[in-house]
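Each remark here refers to the structure printed beneath this line.
Quick note: the coordinates plus some simple rules give every number you see, no bench work behind them. Computed from a predicted structure; not experimentally measured. Counting neighbours? That spans all protein chains shown, and the Cβs are built from the backbone with ideal geometry, glycine included.
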Amino acid sequence: MTDLPILTQRRIEAAFAKGVYDEMKAELGDAAAKRILSNAIVRLAKATAAEMAAQAPGGPSLDSFRAIQPRWTAEDALRSEVIRSTPTEFHFDVVKCRYSEMYRAMGLAELGAILSCNRDGAFCEGYDPKLKLERTQTLMEGASHCDFRYRYEQGG
């Protein structure tokens, strides 16, 4: 795992992914290229999450998940408003997203959701299967905010 702020890391990844995506699109068509890219991003998100979970003091939990949030917000990457934070829930709205702005500026608006938003639910699966995300809208898709609603299921 790298110590780069995630916004910087995503910028580097996006530039590379665009080149690979363009080649896949030329050879396989748009739908297949997006499907392959999406599958790869999901797999990477789960692997990264599992690595972070393994490094969490005391193992993965909602508290350890909250503690790693500054990695995503570094460089003023996200501005969010916490709605609820309890031992089993972490709800917040993202009202400004530099990830979305960056993808648009790079000419990757159509891939932004695949390259970024697509990771969020997959990250939960890799971090701890008890961590669940419900999100109904994103800034990337044109909404006024992203509504992140995390819940940590107790028990086995």
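With the requirement that a residue be in a loop (DSSP other than H, G, I, E, B) and within 21 Å of Leu7 (Cβ to Cβ), what does segment 38-78 give you?
Narrowing segment 38-78 to residues in a loop (DSSP other than H, G, I, E, B): 56-61, 69, 77.
Hits for segment 38-78 are Gln69, Ala77.
For segment 44-72, the set of residues classified as of a type in the set (Lys, Arg) and either surrounded by fewer than 13 Cβ atoms within 10 Å (Cβ to Cβ) or under 14 Å from Ala122 (Cα atoms) (or both) consists of Lys46 only. Is it the case that segment 31-38 has a residue that's closer than 21 Å to Ser116 by Cα and surrounded by fewer than 13 Cβ atoms within 10 Å (Cβ to Cβ)? Yes, the conditions are met somewhere in segment 31-38.
Only a single criterion out of (1) in contact with a Phe, Trp or Tyr (Cβ under 9 Å, 6 or more places away or on another chain); (2) farther than 15 Å from Arg119 by Cβ; (3) not basic (Lys, Arg) is not satisfied by Ala77, namely (2). Reported count of residues in segment 79-131, each being in contact (Cβ under 8 Å) with a residue 12 or more places away in the chain and assigned to a helix (DSSP H, G or I), is 21.
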